[in-house]
Every structure is written in structure tokens, then in C-alpha cells.
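Here is the structure we will look at.
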Amino acid sequence: MKIKGLDIIMDKQDQEIRALLKDYPMPEASAGFFDQALVRATHEGSRRQRNRWLMTGFGSAVAAGLVLWMVGGFLLATPDLPVADPAIPGITMTLEEPRTINLVFASAEPLDAATLTVLLPEGIEMSGFPGQREVTWETSLRAGKNLLPLKLIATSPYGGEVLATLRHDDRGRTFRLRVDVG
Amino acid sequence: MAGSNDIAFEKLVRPHFDRLYRLAWRLTSQKAEAEDLFQELLIKAFGKLDDLIHIEEPGSWLARMMYNLFVDERRRYARRRMHTLEEGDMQGDGLAGLPGPDNPAWDHERRERIKALDAALSKLSDEHRLIVLLSDSEGYKLEEIQDLIGVPVGTVKSRLHRARARLREILSEDGTFSSDTSC
């Protein structure tokens, strides 16, 4: 009997909870929100599709740009023309001697709130971030070429690969740099 | 002037706006975030217009895409919720903009119960809260929830059962529901 009584209480409570949940309110969307969202989606969607093509082109060009900057800083690749993937560029560093490499990012348009992440192999550090293997920060890119100098220091003789990944919205591009320590 | 793609897109998605917005709100529990999620969904869906045209049930397809977007971005939404909490305005966001006491249907007791329900729901895990809201507030069938979150019906059923039991427990503990049998 006692269990039956408990069941009755639970049933009653369940009914009350379900009735409350059924009417659990939610605020309406802001006035005009759906129309604005639709317009933004078609504009932004078209822009992203265009940019996807541009990124395909300038991503490779930027990788090429990285090599060119590092081997002498001349002859920048045209950013919006696809080029064949180059081999992974490489540099040779001297132990404990800082060396600046320049990453070149060519963007077809200004990009706000892009994220750049640099992954470092053991024994290679970024100046100002001792002991950190991963450094991430937010940055903005201007239309055209953007130069990012990274000062690296080799703290061990092993070398490795440095990865720099630029992300914006759902797009991303990773640049690789082989570092040997001589 | 709208292009043919824009028109085709609108025709496919607009009939589902209300249900999708409700889902966005149930997922995020905050108006600004619900609108962000909804917007992001439309942008992404427009990029997949070629696929969308051939989908038999665009509503379910869009809902799944929204759920996946939310799961992918959950950390971002959780982080934002934390910031909102720090600013001290998380409480009651879900109740903001709702009918006030001047609405005859909105009596004090009911308002208090909704507040208690709001607080109790926030104590459930994300999975439990979502399932109970989809089922009991939005009227989704078990199969629809299965389709949306990608777990078997049996799992949905047991999660729903546990979620309701936990909700009852919380509401009984805080005195919202009396435990006497005077009925």
C-alpha cells in the first residue's frame, strides 16, 4: 500500500512536471531576425565559397613565399595564382643563436580575428615563450601580403618541424618548416 | 536583387525556421547564442545548397547539422555562458522577454514554478537537459531524437527516464513539489 501511495505521488509530480515542461517558455527571436539571418547567410555563404577558391590558390603561394623570404627575401609569389606544392622548406640554425624567419600570409581581403597557432618541436623555442611547444594568438590580416616575423632559438641540436596554422572561420592553412641545427 | 540560388535556398529553409530556432534555443538556453547558432547554420547550409536540394527531409537534415555545429562549438558556447555568469546576468535570461504579471495567464505561483524548473534544468547534465526538453517541451518523438543526436532509441528512452527522475528529485528537494498525498 505504501509503495502504491508513493507511486501515486510520483505520478502526480510527473504529470505536474510534464505540464510545466510542455509550457516551458522561450523568448521569441528578435524582430526581423529571420529575414536578416537569411540575407546574411546568402551573402556570407557566397563570400566563403569565393574565398575557398582564393585560399586554395594563395595557400600554396604563401608556402612558396615562405621559402623565398627565408632564402633571401626576394621574388614574392603572386598570391592569387596556384602554384605547385613545393617541398617542405627548411633552414639551418646555430645552437642558441636566435634566427628570424618571416611568414608571409597573402589574404584576398581583410580578416579579423584569425587565429595563428605555432607548434614547435622539442628544442626549438619561440623568443619570449621559453619552454612552450604551442603558442596561439589572435591576429588580424590586411588585404594583400602580411608579414609575420617569428624569432626562433634552438636550445638543443635535434631540430624538427615547425608548424604554423592560420585559421579563420572554418578555413585553415598550415605551413611547415624543417629546422636543422648545425 | 536576389539570385536564383538565394530564392531556392529560402524556399527550402524558411518553412523550418521556427522549429530550428526553437532547437537552437533549447541547445544553448540563451537568446543571443541561439541566434548565433541559427545564423551559423544558415551560412553553412547555404554552402551545401547543392546537397540540400536533393534532401528528402530538409528539416531533419538541418536540425542534425545544427546539432553537430553545436557539439563542435560546445566549448565556445560553454565559455560564453561562463562569461555571462561572471557578468551576473545568466539567471533569468531564459525568462527575459516573457509575458509578465500583466498577462492574466501569468500568475505568481506559476512564475515561481517556472523559475524553479529553470534552475532544476540547469542542474541536469547537458544530455539529460536536452533530451527532456526535446521530448517534453518540444514534443519530439523518440525516433526524432535518435535521428538528431545519433544514439539508439533504447538509449534515448533510458536517458529520458533518468532525466525525468532526476528533475523530479531536484524539484522535490527544493520544495517546489510537496511530497504529501493530500489528493
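The values are calculated or read from the model by the stated rules, or taken from the named source; none is laboratory data. Computed from a predicted structure; not experimentally measured. As a convention, Cβ positions derive from the backbone with ideal geometry for all residues, glycine included, and neighbour counts pool all protein chains shown. Note: areas computed on protein heavy atoms with side chains; ligands, DNA, RNA excluded. Shrake-Rupley method; radii C 1.70, N 1.55, O 1.52, S 1.80 Å.
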Practice item. Output the qualifying pairs, or none if there are none: Cβ atoms under 7 angstrom, residues six or more apart or on different chains, first residue in segment B:103-119 and at pLDDT 80 or above, second residue open to solvent by 60 Å² or more (accessible area, probe 1.4 Å). Key: B:Ala116/B:Asp174
Point to revise | Candidate set from segment A:134-166 (those that are crowded, with 17+ Cβ neighbours inside 10 Å and within 14 Å of the chain's Cα centre (by Cα)); member that is nearest to A:Pro121 (Cα to Cα) | key: A:Ala164
Check your understanding: Identify, please: which residue in segment B:40-71 is more than 14 Å from every other protein chain (Cβ to nearest Cβ) and closer than 17 Å to A:Asp169 by Cα and is, among those, modelled with the lowest pLDDT?
Key -> B:Val71
Practice item. Identify the residue in segment A:1-22 that is modelled with pLDDT of 80 or more and more than 8 Å from chain B (Cβ to nearest Cβ) and, among all such residues, is least open to solvent (accessible area, probe 1.4 Å). Key: A:Ala19
Practice item. Of the numbered conditions (1) within 12 Å of the chain's Cα centre (by Cα); (2) without any contact (Cβ under 8 Å) to a residue 60 or more places away in the chain, A:Asp170 fails exactly one; give the number of that condition. Key: (2)
Study note, to complete from the structure: B:Pro58 meets each of (1) under 20 Å from B:Gly139 (Cβ atoms); (2) touching a Lys or Arg at 6+ places or on another chain (Cβ under 9 Å) with one exception, condition (2)
Revision key, fill the gap. Restricted to segment B:14-23 and to residues being more than 9 Å from every other protein chain (Cβ to nearest Cβ) and open to solvent by less than 20 Å² (accessible area, probe 1.4 Å), the residue nearest to the chain's Cα centre (by Cα) is B:Leu23
Review point. Among the residues of segment B:26-38, is any surrounded by fewer than 22 Cβ atoms within 10 Å (Cβ to Cβ), away from chain A (no Cβ under 11 Å) and touching a residue at least 60 places away in the same chain (Cβ under 8 Å)?
Key: no
Review point. If you scan segment B:120-130, which residues turn out to be at pLDDT 90 or above and within 10 Å of B:Leu27 (Cα to Cα)?
Key: B:Arg129, B:Leu130
Check your understanding: Is segment B:165-176 home to any residue that is over 17 Å from the mean Cα position of the chain (by Cα), within 12 Å of A:Leu21 (Cβ to Cβ), at the interface with chain A (Cβ under 8 Å from one of its Cβ atoms) and not hydroxyl-bearing (Ser, Thr, Tyr)?
Key -> yes
**Study point:** Selection within segment A:92-117 - among the polar types (S, T, N, Q) and surrounded by fewer than 15 Cβ atoms within 10 Å (Cβ to Cβ)
**Key:** A:Thr92, A:Thr94, A:Thr100, A:Asn102, A:Thr115
Practice item. Please identify the pairs in which a residue from segment B:44-62 that is buried (at least 17 other Cβ atoms within 10 Å of the Cβ) has its Cβ atom under 9 Å from the Cβ atom of a residue that is of a type in the set (A, V, I, L, M, F, W, C) and assigned to a loop (DSSP other than H, G, I, E, B), counting only partners at least 6 apart or on another chain. Key: B:Trp61/B:Ile55; B:Leu62/B:Ile55
Check your understanding: Somewhere in segment B:72-91, is a residue open to solvent by less than 50 Å² (accessible area, probe 1.4 Å), within 14 Å of another protein chain (Cβ to nearest Cβ) and modelled with pLDDT under 90?
Key -> no
